[in-house]
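The values are calculated or read from the model by the stated rules, or taken from the named source; none is laboratory data. None of the values given here were measured: they were computed from a predicted structure. For neighbour counting, all protein chains shown are included, and Cβ atoms are generated from backbone atoms with ideal geometry for every residue, glycine included. Heavy atoms of the whole protein, side chains included, go into the accessibility calculation; ligands, DNA and RNA do not. Shrake-Rupley method; radii C 1.70, N 1.55, O 1.52, S 1.80 Å.
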Amino acid sequence: AGVALRLDTTPPRFRIFPYENYKLAPFEQAVRGLNPLVAVKIRSAAVHASLSLVEETATSIAIDANCRIQILSTISELPRADKEQSAAFIVS
């Protein structure tokens, strides 16, 4: 798990929590490309269960008629995610 808080926009600079966790480097790089105000990385049984209910080729999970959560294959796809969705599940 990790949190990224944007400190500056030009160039994008982020503070990553917890500090100095080398495993969060790919997360930090992907977040820098997306440039949100805040990003949160979590792993949970609920996310894994949700992903198990959709086809492997699915690009989103419908919550209701007006809301969906996008599905990305890898964290490297995050900079190209739909920022207006405000959420994404990353498969691996």
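In the set Ala49, Ala30, Ala45, which member is modelled with pLDDT of 90 or more, under 14 Å from the mean Cα position of the chain (by Cα) and aliphatic (A, V, I, L, M)?
Working: Ala49 fails: under 14 Å from the mean Cα position of the chain (by Cα); Ala45 fails: under 14 Å from the mean Cα position of the chain (by Cα).
Selected residue: Ala30, the only one of Ala49, Ala30, Ala45 that is modelled with pLDDT of 90 or more, under 14 Å from the mean Cα position of the chain (by Cα) and aliphatic (A, V, I, L, M).
Residues to consider are Pro18, Pro12, Pro79; find the one that is out of contact with any strand residue (DSSP E or B) (no Cβ under 6 Å at 6 or more places or on another chain) and either touching a residue at least 24 places away in the same chain (Cβ under 8 Å) or of a type in the set (Ser, Thr, Tyr) (or both).
Criteria check complete, one pass: Pro79.
Specify which of the listed residues (Ala39, Ala58, Ala30) is over 17 Å from Lys83 (Cα atoms), surrounded by 11 or more Cβ atoms within 10 Å (Cβ to Cβ), touching a helix residue (DSSP H, G or I) at 6+ places or on another chain (Cβ under 9 Å) and of a type outside the set (Val, Ile, Thr).
Every option except Ala58 fails the conditions.
Quick check: is even one residue across region 30-45 part of a helix (DSSP H, G or I), among the hydroxyl-bearing types (Ser, Thr, Tyr) and either out of contact with any strand residue (DSSP E or B) (no Cβ under 8 Å at 6 or more places or on another chain) or free of Cβ contacts under 8 Å to residues at least 40 places away in the same chain (or both)?
No, there is no match, as no residue in region 30-45 is part of a helix (DSSP H, G or I), among the hydroxyl-bearing types (Ser, Thr, Tyr) and either out of contact with any strand residue (DSSP E or B) (no Cβ under 8 Å at 6 or more places or on another chain) or free of Cβ contacts under 8 Å to residues at least 40 places away in the same chain (or both).
Could you grab me the full set of residues in region 18-27 that are within 14 Å of the chain's Cα centre (by Cα) and open to solvent by 50 Å² or more (accessible area, probe 1.4 Å)? Steps first, please.
Within region 18-27, the subset within 14 Å of the chain's Cα centre (by Cα) is 24-27.
Correct list: Ala25, Pro26.
If Cys67 satisfies all but one of (1) surrounded by 15 or more Cβ atoms within 10 Å (Cβ to Cβ); (2) modelled with pLDDT under 90, what's the number of the condition it fails?
Only one criterion is unmet by Cys67, namely (1).
When the residues of region 42-55 are filtered to those that are surrounded by fewer than 12 Cβ atoms within 10 Å (Cβ to Cβ) and not charged (D, E, K, R), which remaining residue is nearest to Gly2 (Cα to Cα)?
So, considering only residues that are surrounded by fewer than 12 Cβ atoms within 10 Å (Cβ to Cβ) and not charged (D, E, K, R), the one nearest to Gly2 (Cα to Cα) is Ile42.
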